[in-house]
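Read the structure below first, then the notes.
The values are calculated or read from the model by the stated rules, or taken from the named source; none is laboratory data. This structure is a prediction, so every number in the text was calculated from the model and none was measured. Glycine also receives a Cβ, built like all others from the backbone with ideal geometry; neighbour counts cover every protein chain displayed. Just so you know, the surface numbers come from the protein's heavy atoms only, side chains and all, with ligands and any DNA or RNA stripped out. Shrake-Rupley method; radii C 1.70, N 1.55, O 1.52, S 1.80 Å.
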Amino acid sequence: MSARLQGKIAFITGAGSGIGAATAKRFAEEGATVVLCGRTKEPLQAVASAIRDAGGKAEWTVADVSNEQVFVAAIEAAAKQHGRLDILVNNAMAYSWGAIDSTSTADWHSNFATTVDGTFWGTRTAMTLMKAQGGGGAIVNIASICGLFGTPWMAGYSAAKAAVMNFSRAAASEGASSKIRCNVVIPGVVDTPATAGMLADDKARANTEKLIPLRRVGQPQELANAILFLASDEASYITGACLPVDGGRSSELYTVLE
């Protein structure tokens with residue numbers, strides 16, 4: 001441990017599993033006090049317990065990121081309890097699956113309630129707190145490779161993640177004068193509960209990996225390392241950036257299959 005986040009207070013959404021859980025553990029390893037946020041108590045408790053067992057500082061709060069009042073109150077309560085908020089990671093997301101011509105308006109909107117609205121509410125709240133306390137802060141929003149490319153049967157999710165990227169650029173511009181940095185990490189295919197269906201068997205995994213230049217699926221820890229960098233003072237001159245962490249997938253126009 002190099003204590004890159006020593007003394008920092010970090011709030012992480014979607015922290016009960018996958019990228020969010022891995023990020024919480026990495027932040028704690030680097031000295032941060034982490035507040036884990038999610039919709040279900042048990043996974044949050046498990047991650048927080050693992051962090052504390054390893055000597056880190058962690059607590060959890062149950063909040064639905066798609067509920068403005070509940071979500072904002074959770075961030076504000078964490079900042080009040082600890083006296084400040086230094087880092088926010090907007091990782092929570094939700095998506096629907098289906099062809100455009102069979103997608104209902106309700107299903108379309110469901111892609112935005114958590115991913116876009118939640119990111120906006122979280123970012124707005126964090127910026128307000130960080131400005132009031134002085135000293136700046138870091139916000140890292142999590143997008144997706146689906147937001148870079150048109151993805152069949154995931155139009156709503158793709159549109160929502162694209163919105164997160166450009167919203168974050170605007171937030172970076174507005175926050176700069178207050179030393180508030182806002183950046184984006186763009187995962188490709190990562191081995192998490194959300195991708196379990198597309199990686200359900202060896203054949204499905206192999207077919208997916210053929211499309212990735214590094215020829216393997218990413219691990220949550222690898223995303224957590226990128227998020228850690230952007231949240232740390234090592235990235236003090238980086239804001240408004242969108243960093244793909246996708247094994248090179250977004251670098252190719254087409255894939256040459258071996």
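Being assigned to a helix (DSSP H, G or I) and of a type in the set (Val, Ile, Thr) is the requirement here; does Val185 meet it?
no
Every residue in the range 201-220 that is free of Cβ contacts under 8 Å to residues at least 40 places away in the same chain, open to solvent by 60 Å² or more (accessible area, probe 1.4 Å) and in a helix (DSSP H, G or I), please.
Correct list: Asp202, Lys203, Arg205, Asn207.
Given the structure, is Asp191 touching a Leu at 6+ places or on another chain (Cβ under 7 Å) and without any contact (Cβ under 8 Å) to a residue 40 or more places away in the chain?
Yes: the conditions hold for Asp191.
Okay, residues lined up against (1) more than 21 Å from Ala231 (Cβ to Cβ); (2) among the small types (Gly, Ala, Ser); (3) touching a strand residue (DSSP E or B) at 6+ places or on another chain (Cβ under 8 Å):
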{"site": "His82", "(1), (2), (3)": "no, no, yes"}
{"site": "Met127", "(1), (2), (3)": "no, no, yes"}
{"site": "Ala138", "(1), (2), (3)": "no, yes, yes"}
{"site": "Asn141", "(1), (2), (3)": "no, no, yes"}
{"site": "Trp153", "(1), (2), (3)": "yes, no, no"}
{"site": "Ala160", "(1), (2), (3)": "yes, yes, no"}
{"site": "Ala163", "(1), (2), (3)": "yes, yes, no"}
{"site": "Ala172", "(1), (2), (3)": "no, yes, yes"}
{"site": "Thr192", "(1), (2), (3)": "no, no, no"}
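So which of Gly150, Gly136 is surrounded by fewer than 18 Cβ atoms within 10 Å (Cβ to Cβ), touching a Ser or Thr at 6+ places or on another chain (Cβ under 9 Å) and free of Cβ contacts under 8 Å to residues at least 12 places away in the same chain?
Gly150
Quick one: which of Lys161, Lys179 is at pLDDT 95 or above, touching a Gly at 6+ places or on another chain (Cβ under 6 Å) and surrounded by fewer than 16 Cβ atoms within 10 Å (Cβ to Cβ)?
Lys179
Give the range 221-258 a look and list any residue that's outside any loop (DSSP other than H, G, I, E, B), touching a residue at least 60 places away in the same chain (Cβ under 8 Å) and open to solvent by less than 20 Å² (accessible area, probe 1.4 Å), or say none.
Within the range 221-258, Leu223, Ala224, Ile227, Leu228, Leu230, Ala231, Ala235 meet the criteria.
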